[in-house]
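This report concerns only the one structure given below.
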Amino acid sequence: MQFINIQDMSAAIIANRKKLPSKIDLIVGIPRSGMLPATMLATQLNLPLTDLDGLISGKVFGYGATKDAPDVDKAMSDARTVLVIDDTVGSGRAFKKARAALEGVPGNIVFCSVYSQIAKHPDVDVVLETNSLSPICQWNMMHHAVLKNACVDIDGVLCRNPEAHEDDNGKAYRKFLQTAEKLHATSGEIGWLVTSRRETYRAETEAWMRDNGVRYGKLIMTQTDEEHANSPAFKARIYQETGADIFIESEAADAAEIQRISERPVLCVATQSMIYDGTAPLAFRHAQKATGASATLAKLKLQARRLAGDKVYYAVKSLAGRG
């Protein structure tokens with residue numbers, strides 16, 4: 001099972017840039033997922049950017065004040081090369097619809113997909129990179145068909161994690177369960193919601209799911225103190241028992257432990273990576289080191305600011321080009 005994150009897509013675009021026309025005047029994204037690679041390319045090449053409706057109506061998006069102005073006049077001319085891009089192509093429905101909508105629009109219009117299962121797809125002109133059948137992408141993972149046979153964590157995936165003052169097993173926690181902000185909307189039905197939340201809070205959890213439009217087959221919660229205290233082992237056991245295709249977990253360390261016990265792939269939301277070998281993702285280990293270094297640097301900066309005073313401190317930063 002292949003997982004693609006935004007970093008992967010950026011690398012695929014850069015590595016396969018030679019496959020694109022040598023001269024492009026306008027980048028057009030197919031909403032919604034196609035706007036991600038379109039924005040990447042338009043920014044990297046400093047080209048005008050728009051969507052399908054904008055191309056038809058002759059409008060481009062703004063481009064900010066920190067860059068040289070792109071050549072909008074050429075982008076709007078009849079003698080232009082337009083790259084229409086989407087993230088993936090499967091059945092080709094989105095590209096067929098785009099071609100029909102753009103019929104009669106002037107210019108050399110080139111249709112491109114970042115990913116495809118086959119190198120030469122009949123509905124696109126350029127495929128940048130081939131991949132596996134129906135990969136899970138970071139930007140639409142909670143709308144993927146795999147959810148119907150997936151185990152999905154709740155806190156840190158569907159809603160935010162409780163803060164320390166909310167995790168009191170009392171009134172504050174119950175309020176959190178009722179009002180927690182949504183992190184991901186979902187499409188279709190999730191096979192199993194598997195959470196370390198205690199069975200005591202089933203009513204509040206089910207109410208939140210109803211209020212936020214989350215459909216699921218079964219909600220599995222911890223029944224004992226031991227299950228609650230050793231959440232990764234509990235989740236790994238459920239994962240094995242259900243025979244689900246994937247477990248989507250919020251925390252990196254827990255995700256690695258679930259994978260180690262179950263010996264099955266786990267998608268970690270915190271690091272946006274798939275874990276196959278039971279070790280914490282490299283991105284997580286780097287983040288831990290970076291967090292420690294950042295904290296030390298922040299303390300040093302604060303001490304310098306206190307000693308020098310705000311006026312001197314910010315003057316030095318400005319001279320150093322970091323204001």
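Lys and Arg at +1, Asp and Glu at -1: add these up for the other residues within a Cβ distance under 15 Å of I56 and post the number.
On the way: positive: K59, R80, K97, R99; negative: D51, D53, D78, E103.
Residues close to I56 contribute a combined charge of 0.
Angle of helix 310-319 to the longest C-alpha principal axis of the chain, folded into 0 to 90 degrees and rounded to 10: 40°. In the chain, taking the dipole from charged Cβ atoms about the Cα centre, the farthest positive-side position among S196, M1, S113 is held by S113.
Near W139, once Lys and Arg are set to +1 and Asp and Glu to -1 for all other residues with Cβ below 14 Å from its Cβ, the sum equals -2.
The simple spin-label model puts a point 7 Å past each Cα toward its Cβ; for A119 and R237 those points are separated by 5.0 nm. If R0 equals 41 Å, the separation of the Cβ atoms of T179 and D277 corresponds to a calculated FRET efficiency of about 0.60.
Using the Cβ-Cβ distance between N46 and E226 with R0 set to 51 Å, the FRET efficiency from 1/(1 + (r/R0)^6) comes to roughly 0.30. The magnitude of the dipole of segment 48-200, with charges of +1 and -1 set on the Cβ of Lys/Arg and Asp/Glu and taken from the Cα centre, is near 340 debye.
Across segment 34-169, Cα pairs under 8 Å and at least six residues apart give a relative contact order of 16 percent. For segment 146-284, the pair-distance distribution built from all alpha carbon pairs, in bins 5 Å wide starting at 0, is 2, 11, 20, 24, 22, 14, 6, 1 percent. Entry note, the chain: relative contact order of 12 percent, from Cα contacts under 8 Å with a spacing of 6+ residues. Summarising the label geometry, the points placed 7 Å from Cα in the beta-carbon direction at A79 and K18 lie 3.0 nm from one another.
Calculated from the structure, Rg and Dmax of the Cα atoms in Å equals which of (i) 28.7, 88; (ii) 23.8, 80; (iii) 24.1, 70? Calculated Rg and Dmax of the Cα atoms in Å: the matching label is (iii). Of the cross-linked pairs K148/K218; K23/K59; K97/K148; K97/K182; K19/K120; K148/K235, which ones have a Cα-Cα span greater than 22 Å in the structure shown? Over 22 Å Cα-Cα: K97/K148; K97/K182.
Hey, with R₀ at 51 Å, roughly what FRET efficiency would D168 and A65 work out to, going by the Cβ-Cβ distance, to 0.05? The computed FRET efficiency comes out at 0.60.
If you fit an axis through the alpha-carbon atoms of helix 282-308 and take the longest principal axis of the Cα set of the chain, what angle between them do you get, 0 to 90°, nearest 10? Compared with the principal axis, the helix lies near 90 degrees. Backbone geometry of segment 246-261 corresponds, through the Karplus equation with coefficients 6.51, -1.76 and 1.60 at θ = phi - 60°, to 3J(HN,Hα) couplings of 7, 10, 9, 10, 7, 9, 5, 5, 5, 4, 5, 5, 4, 5, 4, 6 Hz, x marking Gly and Pro. Largest first, the residues I261, I13 sort by 1.4 Å accessible area into I261, I13. For helix 231-242, report the angle its Cα long axis makes with the longest principal axis of the Cα atoms of the chain; keep it between 0 and 90° and round to the nearest 10°. It is inclined by approximately 70 degrees. For C137, the residues whose amide H sits under 5 Å from its own are I4, ignoring neighbours fewer than 5 places away on the same chain, with H placed 1.01 Å from N. For the residue pair E103 and E206, what label-to-label distance in nm results when each label sits 7 Å from Cα along the Cα-to-beta-carbon direction? Each label point is offset 7 Å from its Cα along the Cβ direction, giving 5.2 nm. Rounded to the nearest 20, the Cβ-based charge dipole of the chain about its Cα centre (Lys and Arg +1, Asp and Glu -1) stands at 980 debye. Can you bin segment 65-119 into rounded, prolate or oblate? Criterion: square roots of the alpha carbon gyration tensor eigenvalues sorted a ≥ b ≥ c, rounded for a/c under 1.5, prolate for a/b above b/c, oblate for the rest. Oblate, since a/c reaches 1.5 and b/c is not below a/b.
Electrostatic bookkeeping for L36 treats Lys and Arg as +1 and Asp and Glu as -1; over the other residues with beta carbon under 14 Å from its beta carbon, the sum is -3.
The values are calculated or read from the model by the stated rules, or taken from the named source; none is laboratory data. Predicted model only: the values in this text are computed from it and were never measured. Note: ideal-geometry Cβ built from the backbone for every residue, glycine included; neighbour counts use all protein chains shown. Each accessible area value is taken on the protein alone, full model and side chains, heavy atoms only, with ligands, DNA and RNA left out. Shrake-Rupley method; radii C 1.70, N 1.55, O 1.52, S 1.80 Å.
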